[in-house]
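What follows is a single structure, written as structure tokens, with notes after it.
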Amino acid sequence: MPILDEISVCLQRGSVKEINILVPKALEEGIEPQTVLNDGLLSGMSVVGEKFKNNEIFIPEVMIAARAMKAGTDILRPYLTAEKGRAAGKVCLGTVKGDRHDIGKNLVKIMLEGKGLEVIDLGVDVAPERFVETAIKENCRVIGCSALLTTTMGVMKDVVSLCEKEGIRNRVKIMIGGAPVSEDFCREIGADAYTPDAASAADKALEFCSE
């Protein structure tokens, strides 16, 4: 089996040990770091994302694969930092103000990074001002807002309004998600996309960043 395929398969299995052997080996063989990332690690994570979306695997398996993904990217990072601007795009992500749930957000982060996107994770209890300031400062293409409580959903509308007020609405896409959120609510507040799961969120964010 070609080494990049081996890396992909080992990542899907979540084998950190094998990733730690195979990624340096691929570099020694003269394969470009970006190719190892794209055709090895990201290729494997893409399969994981699809399986998760189709309910063939579940959160524990995704987390195990993500751990292997991190091991591989940690090895590649010194090589990749020399190649500036290679991320497919930049997303700032957070759970909105008043809400401290982060499992869904963390899963979205894993999937976004699995698509080669750079993620600025703002954490939980994030005020609209912080989303917008970060998007401006970091030149983010997408703002991702998560909420698990119906009482905090309204903050997403505040993020949209503040983007309009700050004049960045035409260049930043606003994505929303979380258990109580719906397509209807997305339209109602004027956000750009609602996605029902982490894998779909990553697909949509990549689409926005590629526009």
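The values are calculated or read from the model by the stated rules, or taken from the named source; none is laboratory data. On a predicted model such as this, the values are computed, not experimentally measured, just so you know. So basically every Cβ, Gly included, is an ideal-geometry build from the backbone, and we count neighbours across all protein chains shown. For the accessible areas, the whole protein counts, side chains as well, though only heavy atoms, and no ligand, DNA or RNA atoms are used. Shrake-Rupley method; radii C 1.70, N 1.55, O 1.52, S 1.80 Å.
A single member of 31, 110 is under 29 Å from residue 1 (Cα atoms), of a type outside the set (S, T, N, Q) and assigned to a loop (DSSP other than H, G, I, E, B), and it is 31.
With respect to the stated conditions, residue 76 fails to be modelled with pLDDT under 95, crowded, with 21+ Cβ neighbours inside 10 Å and not in a strand (DSSP E or B).
Looking at region 123-137, I want the residues that are more than 16 Å from residue 90 (Cβ to Cβ) and have a partner that is at pLDDT below 95 and open to solvent by less than 20 Å² (accessible area, probe 1.4 Å) with Cβ atoms under 8 Å, at least 6 apart or on another chain. Which pairs are those? Close Cβ pairs (under 8 Å, with a partner that is at pLDDT below 95 and open to solvent by less than 20 Å² (accessible area, probe 1.4 Å)) amount to 124/105. Looking across region 153-200, the residues that are in a helix (DSSP H, G or I), in contact (Cβ under 8 Å) with a residue 12 or more places away in the chain and under 26 Å from residue 115 (Cα atoms) come down to 156, 159, 160, 163, 198, 199, 200. A single member of 125, 99 is of a type in the set (D, E, K, R), surrounded by 22 or more Cβ atoms within 10 Å (Cβ to Cβ) and more than 21 Å from residue 46 (Cα to Cα), and it is 99.
Of all residues in region 40-70, those satisfying the criterion of being closer than 19 Å to residue 7 by Cβ, of a type in the set (Val, Ile, Thr) and open to solvent by 20 Å² or more (accessible area, probe 1.4 Å) are 47, 57, 64.
For region 131-152, which residues satisfy the criterion of being under 20 Å from residue 178 (Cα atoms) and either among the basic types (Lys, Arg) or in a loop (DSSP other than H, G, I, E, B) (or both)? Scanning region 131-152 gives 147, 148, 149. Within region 13-20, is there a residue that is part of a helix (DSSP H, G or I), within 16 Å of residue 116 (Cα to Cα), open to solvent by 30 Å² or more (accessible area, probe 1.4 Å) and among the charged types (D, E, K, R)? No, because not a single residue in region 13-20 is part of a helix (DSSP H, G or I), within 16 Å of residue 116 (Cα to Cα), open to solvent by 30 Å² or more (accessible area, probe 1.4 Å) and among the charged types (D, E, K, R).
The set of residues in region 148-171 that are surrounded by 15 or more Cβ atoms within 10 Å (Cβ to Cβ) and either among the charged types (D, E, K, R) or within 16 Å of the chain's Cα centre (by Cα) (or both) comprises 157, 158, 169.
Number of residues in region 20-48 that are without any contact (Cβ under 8 Å) to a residue 24 or more places away in the chain and either among the polar types (S, T, N, Q) or more than 22 Å from residue 63 (Cβ to Cβ) (or both) equals 5. For region 178-211, a tally of residues being at positive phi and buried (at least 17 other Cβ atoms within 10 Å of the Cβ) returns 1.
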